[in-house]
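**Student:** Structure incoming, see below.
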There are 2 protein chains.
Amino acid sequence: MPVDVETPEPANSTEKLAQEWLANATFEELLATDSSHKSIFLLLTHQNGEKGILLANKSPFPENETAITNILNNAKLKEISKNDIFGSYEIEIPSDLNLLKCQLIYPATDRLISKYRQEEKYIIHETPENYQKITKAYIEKYQLNLNWVYNCLEKKSEVDKIIYEDDDKTNGFILLQDIKWDGKTIENLYVLAICHQHGLKSVRDLTADHLPLLENIRDKSLEAIENKYGLRKDQIKCYFHYQPTFYHLHVHFINLKYDAPASTTMSAILLDDVINNLKICPQFYELATLTFTRRHSDQLMTMYREAGAAEKA
Amino acid sequence: MPVDVETPEPANSTEKLAQEWLANATFEELLATDSSHKSIFLLLTHQNGEKGILLANKSPFPENETAITNILNNAKLKEISKNDIFGSYEIEIPSDLNLLKCQLIYPATDRLISKYRQEEKYIIHETPENYQKITKAYIEKYQLNLNWVYNCLEKKSEVDKIIYEDDDKTNGFILLQDIKWDGKTIENLYVLAICHQHGLKSVRDLTADHLPLLENIRDKSLEAIENKYGLRKDQIKCYFHYQPTFYHLHVHFINLKYDAPASTTMSAILLDDVINNLKICPQFYELATLTFTRRHSDQLMTMYREAGAAEKA
């Protein structure tokens with residue numbers, strides 16, 4: 001993404017207010033930090049007692065020749081070390097070529113502050129017994145209302161997002177653009193397949209009987225994505241979340257290049273692995289211990305701790 | 001990591017040479033870019049015909065109060081959008097608070113240039129037949145010499161890196177700091193368990209007979225890491241690489257927080273999943289189709305294409 005370098009416009013009123021708010025606020029707490037993605041979340045306190053949250057991100061480098069040349073022409077090197085042909089440097093470039101992408105939220109409620117405060121994550125081993133005893137109770141207690149899913153399936157909403165449909169009651173599904181995707185940037189392609197069949201909560205409910213459903217979703221979705229977006233089938237990653245956010249079976253399809261949230265081990269299970277596992281053992285997901293992570297204050301984590309199935313804090 | 005803000009020192013001679021080299025070089029090619037980690041790799045050409053590679057990274061934000069306050073006090077906001085309490089801004093901060101961390105390599109050989117040039121990755125489905133026919137031939141042809149592994153196991157090298165040893169010939173292993181880890185920063189903890197037994201190339205060679213070995217490695221390594229580094233067992237991620245870099249069975253242990261290279265789906269298989277799979281089916285890894293990715297020009301990828309087991313480019 002190129003950094004926009006525009007002539008500053010006259011400050012509009014909300015911009016001026018935000019600048020003033022920030023000038024009269026002080027740092028209170030480091031809510032979260034991510035040194036690999038170069039972002040930081042700060043809690044600020046204003047003189048008047050209001051709280052604010054600043055979400056700050058370093059910007060990606062521009063990718064066009066003009067902007068890159070501009071950076072190179074203005075780079076000031078400071079050597080850190082040098083060994084043969086390899087040198088390490090800190091490079092200073094003009095501030096307008098190196099903007100931060102930020103959100104400032106003020107006044108911020110306690111609920112928002114909690115949301116952005118980084119929490120430790122822990123690993124949970126969900127044995128079949130833990131699933132029956134703890135996870136199922138969690139799903140019954142906290143499961144989100146699935147009406148929005150049924151509305152999608154019945155085309156009462158998000159109709160413009162639909163890419164493909166197989167309307168078979170047993171093995172059919174709709175394929176639609178994920179809400180997080182702009183529908184254009186292929187690098188971040190994010191598409192969701194939602195099965196028409198009701199009652200399959202997650203991979204836990206799958207047996208070899210569902211292989212036709214799973215293979216149908218995989219084959220037709222990959223085909224539809226390749227046809228519509230020109231992305232090769234061997235450059236599309238398809239997976240389930242475990243635990244999923246909502247308990248109606250669905251599959252995520254993303255560009256292999258895209259480092260999507262929760263697309264990694266302990267959050268994602270590849271569709272190909274699920275198909276493979278069910279072919280090797282038809283009852284695989286009734287017998288398996290599934291490993292995933294949860295944040296400390298998460299409700300499922302709390303239930304695991306209370307049941308003695310996770311370490312105490 | 002705090003960004004060092006130091007008084008500029010008088011330029012030393014190699015620093016001056018590098019600055020001059022850069023001043024007389026122009027942009028030739030965007031070798032690679034990573035917008036989520038905010039890095040870019042550039043190929044440059046000097047007037048004298050030499051090539052150079054600039055690896056540029058945005059720096060992580062500082063985490064200490066003084067440096068954060070310094071940024072806040074010098075932040076110049078430009079509003080992008082504002083909706084209720086939520087505002088989006090581009091923020092300009094002084095250039096010396098926002099340095100780039102770079103490496104400049106010059107003169108750069110073609111081999112180095114290839115190494116840093118981003119290549120498309122593709123998904124490979126390794127059926128048991130593909131493994132026997134293609135992957136095994138690849139291992140025989142290209143496998144790295146394992147002497148360095150045997151030297152570790154026999155304590156002829158890297159002795160100071162060893163954290164723990166179980167010297168049992170069948171189920172024993174050594175646990176040592178990975179070469180990429182500084183041995184101190186717990187956030188990036190990276191430890192390797194290498195089994196004493198020779199001849200196990202990868203997870204493909206594992207059957208239920210190896211469960212005592214795998215459980216021994218898991219239990220004793222987690223215990224040793226917790227004792228030595230104070231990291232809880234449920235905050236340590238343990239996994240195999242598939243394909244591994246070297247074909248002598250070993251397990252990676254990292255801090256759950258650490259986004260280590262190749263610790264994600266299609267590169268990593270959790271040790272707990274391997275144990276689970278072998279308990280469900282003793283011959284799981286003889287029967288499984290394993291899914292992983294390779295770069296376009298990779299030797300294994302080339303062999304898969306030549307065998308008609310991967311799509312042509």
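The values are calculated or read from the model by the stated rules, or taken from the named source; none is laboratory data. Keep in mind it's a predicted model, so treat the numbers as computed, not measured. Neighbour counts run over all protein chains shown; Cβ positions are idealised from the backbone, glycine included.
**Student:** Among (1) at pLDDT 95 or above; (2) under 30 Å from residue B:126 (Cβ atoms); (3) under 20 Å from the mean Cα position of the chain (by Cα), there is one condition residue B:235 misses while meeting the rest; what is its number?
**Tutor:** Residue B:235 satisfies all of (1) at pLDDT 95 or above; (2) under 30 Å from residue B:126 (Cβ atoms); (3) under 20 Å from the mean Cα position of the chain (by Cα) except (2).
**Student:** Could you check segment A:25-46 and list, in sequence order, the residues that are among the small types (Gly, Ala, Ser) and outside any strand (DSSP E or B)? Steps first, please.
**Tutor:** Initially, segment A:25-46 is screened for residues among the small types (Gly, Ala, Ser), giving A:25, A:32, A:35-36, A:39.
Scanning segment A:25-46 gives A:35, A:36.
**Student:** Just to be sure I understand, how many residues within segment A:195-208 are in contact (Cβ under 8 Å) with a residue 40 or more places away in the chain and surrounded by fewer than 20 Cβ atoms within 10 Å (Cβ to Cβ)?
**Tutor:** Within segment A:195-208, residues that are in contact (Cβ under 8 Å) with a residue 40 or more places away in the chain and surrounded by fewer than 20 Cβ atoms within 10 Å (Cβ to Cβ) number 8.
**Student:** Checking residue B:97 against (1) touching a helix residue (DSSP H, G or I) at 6+ places or on another chain (Cβ under 7 Å); (2) surrounded by fewer than 15 Cβ atoms within 10 Å (Cβ to Cβ); (3) not aromatic (Phe, Trp, Tyr), which test does it fail?
**Tutor:** So residue B:97 meets the others, but not (2).
**Student:** Consider only pairs whose beta carbons are under 6 Å apart and that are at least six residues apart or on different chains; among these, list those whose first residue lies in segment A:97-126 and is of a type in the set (S, T, N, Q) and whose second residue is in a loop (DSSP other than H, G, I, E, B).
**Tutor:** Going by the 6 Å Cβ cut-off, the qualifying pairs are A:98/B:98.
**Student:** Within segment A:239-262, take every residue that is within 10 Å of chain B (Cβ to nearest Cβ) and touching a Leu at 6+ places or on another chain (Cβ under 8 Å) and give me the one that is nearest to residue A:123 (Cα to Cα). Break it down stepwise before answering.
**Tutor:** As a first pass, look at segment A:239-262 and keep what is within 10 Å of chain B (Cβ to nearest Cβ): A:239, A:256-260.
Right, trim to touching a Leu at 6+ places or on another chain (Cβ under 8 Å) and you get A:239, A:258.
Details: A:239: 20, A:258: 24 Å.
Here the answer is A:239.
**Student:** Within segment A:128-156, can you find the residues that are among the aromatic types (Phe, Trp, Tyr) and either surrounded by 17 or more Cβ atoms within 10 Å (Cβ to Cβ) or touching an Asp or Glu at 6+ places or on another chain (Cβ under 6 Å) (or both)?
**Tutor:** Within segment A:128-156, A:131, A:138 qualify.
**Student:** For residue B:303, indicate whether it is buried (at least 19 other Cβ atoms within 10 Å of the Cβ) and more than 11 Å from chain A (Cβ to nearest Cβ). Lay out the reasoning, then the answer.
**Tutor:** Numbers: buried (at least 19 other Cβ atoms within 10 Å of the Cβ): yes; more than 11 Å from chain A (Cβ to nearest Cβ): yes.
Yes, satisfied.
**Student:** Oh, and also: Can you tell me how many residues in segment A:13-43 are among the aliphatic types (A, V, I, L, M) and in contact with a Leu (Cβ under 6 Å, 6 or more places away or on another chain)?
**Tutor:** 5
**Student:** Pull up segment B:128-140, narrow it to residues that are of a type in the set (D, E, K, R) and free of Cβ contacts under 8 Å to residues at least 60 places away in the same chain, then point me to the one that is farthest from the other protein chains (Cβ to nearest Cβ).
**Tutor:** Step by step, filter segment B:128-140, then rank; the result is B:140.
**Student:** Same structure, new question: Would a scan of segment A:67-85 turn up a residue that is more than 9 Å from chain B (Cβ to nearest Cβ), assigned to a loop (DSSP other than H, G, I, E, B) and more than 19 Å from residue B:23 (Cβ to Cβ)?
**Tutor:** yes
**Student:** Look at residue B:265 and say whether it is of a type in the set (Val, Ile, Thr), in a loop (DSSP other than H, G, I, E, B) and more than 13 Å from chain A (Cβ to nearest Cβ).
**Tutor:** no
**Student:** When residues of segment B:81-90 are filtered for being closer than 23 Å to residue A:109 by Cβ and in contact with a strand residue (DSSP E or B) (Cβ under 6 Å, 6 or more places away or on another chain), how many remain? Break it down stepwise before answering.
**Tutor:** Keep residues of segment B:81-90 that are closer than 23 Å to residue A:109 by Cβ, which gives B:81-89.
Those left that are additionally in contact with a strand residue (DSSP E or B) (Cβ under 6 Å, 6 or more places away or on another chain): B:81, B:85-89.
Number of matching residues: 6.
**Student:** Could you tell me how many of the residues in segment B:67-94 are loosely packed, with under 15 Cβ neighbours inside 10 Å, of a type in the set (Ser, Thr, Tyr) and touching a Ser or Thr at 6+ places or on another chain (Cβ under 6 Å)?
**Tutor:** 1
**Student:** For segment A:269-295, how many residues meet the condition of being without any contact (Cβ under 8 Å) to a residue 60 or more places away in the chain and touching a His at 6+ places or on another chain (Cβ under 8 Å)?
**Tutor:** 1
**Student:** Quick check: anything in segment A:108-127 within 30 Å of residue B:21 (Cβ to Cβ), more than 7 Å from chain B (Cβ to nearest Cβ), surrounded by 18 or more Cβ atoms within 10 Å (Cβ to Cβ) and of a type outside the set (Asp, Glu)?
**Tutor:** No, segment A:108-127 contains no residue that is within 30 Å of residue B:21 (Cβ to Cβ), more than 7 Å from chain B (Cβ to nearest Cβ), surrounded by 18 or more Cβ atoms within 10 Å (Cβ to Cβ) and of a type outside the set (Asp, Glu).
**Student:** Follow-up question, since we're still on this one. In this structure, is residue A:226 surrounded by 13 or more Cβ atoms within 10 Å (Cβ to Cβ), over 24 Å from the mean Cα position of the chain (by Cα) and not hydrophobic (A, V, I, L, M, F, W, C)?
**Tutor:** No; evaluated as a whole, the condition is false for this residue.
**Student:** Quick check on segment B:39-54: of everything there that is surrounded by fewer than 19 Cβ atoms within 10 Å (Cβ to Cβ) and either touching a residue at least 24 places away in the same chain (Cβ under 8 Å) or hydroxyl-bearing (Ser, Thr, Tyr) (or both), which residue is nearest to residue B:19 (Cα to Cα)?
**Tutor:** This residue is B:46.
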